[in-house]
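Every number here is computed from the coordinates shown, using simple stated rules; none is lab data. All values derive from a computational prediction rather than experimental measurement. Heads up, the Cβs are rebuilt from the backbone with ideal geometry, glycines too, and the neighbour counts pull from every protein chain shown.
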Amino acid sequence: MSKIASHEVWTRARLATMAGDAPYGLIDDGALAVLGDEIVWAGPRTLLPSAFSTGAKVRDVGGRCITPGFVDCHTHVVYAGDRAGEFALRLAGVDYAEIARAGGGILSTVRATRAATEAELAAAADVRVAAMCRDGTTTLEVKSGYGLDCATEERMLRVARALSQRHRLRVRTTYLGLHALDPAWAGAEAYVDYVCAEVLPRIAAEGLADAVDAFCESIAFSPEQTARFFAAARALGLPVKLHACQLSANGGGALAARFGALSADHLEHAGADDLDAMAAAGTVAVLLPGAFYYLRERTLPPVAGLRERGVPVALATDCNPGTSPLLSPLLAMNLACTLFGLTPDEALRGFTAHAARALGLADTIGTLVPGLKADFTVWDAEHPAQLVAGIGVNPGASVVVAGRTAEED
Ligand code: DI6
Ligand code: FE
């Protein structure tokens with residue numbers, strides 16, 4: 001009987017399970033039973049089996065809304081330095097590509113990140129990650145990519161992995177091997193050789209990355225170079241993700257799909273061929289409204305085409321110092337609705353169920369169903385749409401990670 005006594009039941013909840021086809025997977029007067037770090041039952045309160053209620057610790061949430069913990073599936077949250085000067089330049093009319101070609105942009109963050117110690121990088125990331133957690137993020141993907149050399153890339157990934165020791169969240173790391181070309185290299189081909197032959201095998205052997213990523217763009221790496229890197233990663237058993245079709249139409253979505261990518265991200269300039277290939281491969285589309293907003297882009301991602309083909313759409317902050325200094329999943333969802341025309345239901349799925357899938361974690365997190373981890377948030381809100389409707393408004397959140405509240409940790 002001791003097993004039953006350790007159940008916890010969160011009851012009188014408006015449960016946004018984000019599972020199934022009904023809007024939000026909503027259960028109006030719901031109960032959620034948790035055992036240890038796992039959800040063991042979710043459904044209408046009146047149907048809760050007595051096996052789960054007998055001897056359980058009951059937490060009456062008084063009609064509040066419960067959502068799955070937010071999954072921020074695309075971030076560059078570990079970095080040093082600051083790009084506020086570049087923001088001012090862009091407002092004065094200099095575009096992102098021009099700044100990058102002049103050695104600013106990503107390369108300026110590379111210089112600052114290389115100069116930072118592991119402790120300095122961790123301290124800078126801590127401030128940002130604490131804010132993300134306050135707004136409901138319980139799983140965070142973190143990319144490297146501001147080192148370019150092996151030692152700094154490894155340092156970034158170690159800092160990323162260690163975030164879960166100081167913050168209440170799960171972390172997935174991504175080796176962003178092709179992000180920008182270090183001008184010290186004679187050319188991109190030689191750099192891709194170095195990444196594939198030296199850095200990637202080391203990072204794989206050290207278990208520092210859960211996936212790899214690349215920036216396939218006219219100002220970064222070509223589709224051929226990206227394919228070479230992806231082939232090397234797949235040979236080492238690492239799944240791939242791609243910054244695809246952000247600034248130009250270059251077949252990035254189809255390229256990602258060809259390598260069975262977990263996700264293709266940005267996609268403003270993706271065409272029908274990209275979307276067809278992604279649909280066939282089961283590649284998730286990750287839309288990043290923060291970058292679209294901050295760069296004052298005009299070309300919208302192909303939301304209608306993604307819907308028609310049933311491609312799952314995830315959202316993320318893309319938190320980075322240059323194109324999306326955004327921390328809040330709540331604000332990202334609002335931007336996705338206002339700028340891209342997503343519905344609040346789509347936006348919430350984008351930060352929960354579909355984001356989990358973009359990390360290959362749909363069987364672990366992202367929905368409130370039995371067997372998944374008990375990562376969820378009790379909001380001081382009556383309906384999940386309220387979370388998306390505000391601009392930078394957090395109604396109040398009690399975040400549960402692996403079945404534990406902040407007080408219990
Ligand atoms: N695309 C992006 O949006 C970020 N990286 C990338 O490949 C931007 C990174 C930066 O400007 O620092
Ligand atoms: Fe990015």
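What's the Cα-based Rg to Rh of segment 133-228, Rh via Kirkwood?
That ratio equals 1.02.
Which whole-Hz couplings ³J(HN,Hα) result when phi for each residue of segment 66-71 is put into the Karplus expression 6.51 cos²θ - 1.76 cosθ + 1.60, θ = phi - 60°, listed in order with x for Gly and Pro?
Whole-Hz 3J(HN,Hα) from phi for segment 66-71: 10, 10, x, x, 6, 10.
Of Trp10, Asn320, Phe87, whose Cα points farthest to the positive end of the dipole of the chain (charges on the beta-carbon: +1 Lys, Arg; -1 Asp, Glu; origin at the Cα centre)?
Trp10
Picking from Ser263, Ser164, Ser50, which is most flexible by a Gaussian network model of the chain using Cα springs under 10 Å?
Ser50
Just want to confirm a number: the relative contact order over segment 88-177, from Cα pairs under 8 angstrom separated by 6+ residues, in percent.
Averaging sequence separation for qualifying contacts and normalising by length gives 29 percent for segment 88-177.
Rounded to the nearest 0.05, what FRET efficiency do Phe87 and Ala131 give with R0 = 25 Å and r taken as the Cβ-Cβ distance? Could you check?
After rounding to 0.05, the efficiency reads 0.85.
Starting from the 7 Å offset along Cα-to-Cβ, what nm value, one decimal, do you get for the label separation of Ala22 and Glu224?
Going from the Ala22 label point to the Glu224 one covers 5.5 nm.
Placing unit charges on C-beta atoms (Lys and Arg positive, Asp and Glu negative, everything else neutral), compute the dipole magnitude of the chain about its Cα centre in debye, rounded to 20.
I would put it at about 580 debye.
Among Ile391, Ile106, Ile219, which comes first, second and so on when ranked by fewest other beta-carbon atoms within 10 Å?
If I rank by nearby Cβ atoms, fewest first, I get Ile391, Ile219, Ile106.
Among the aspartates and glutamates, which fall within straight-line cross-link reach of Lys241, defined as a Cα-Cα distance under 13 Å, with same-chain neighbours fewer than 8 residues apart omitted?
Partners within reach: Glu141, Asp210, Asp213, Asp265.
With each label point set 7 Å from Cα along the Cα-Cβ vector, what nm distance links Ile391 and Arg309?
Each label point is offset 7 Å from its Cα along the Cβ direction, giving 3.3 nm.
Quick one: pull the percentage of alpha-carbon pairs in the chain with a separation above 42 Å.
Summing the P(r) tail past 42 Å for the chain gives 12 percent.
At a Cα cut-off below 13 Å, give the aspartates and glutamates reachable from Lys57, other chains included and same-chain residues fewer than 8 away excluded.
Glu8
Are there any helices in the chain, counted as whole DSSP H runs, that stretch 20 Å or more along their axis by Cα and score at least -1.0 on average by Kyte-Doolittle, and if so which?
118-134, 150-166
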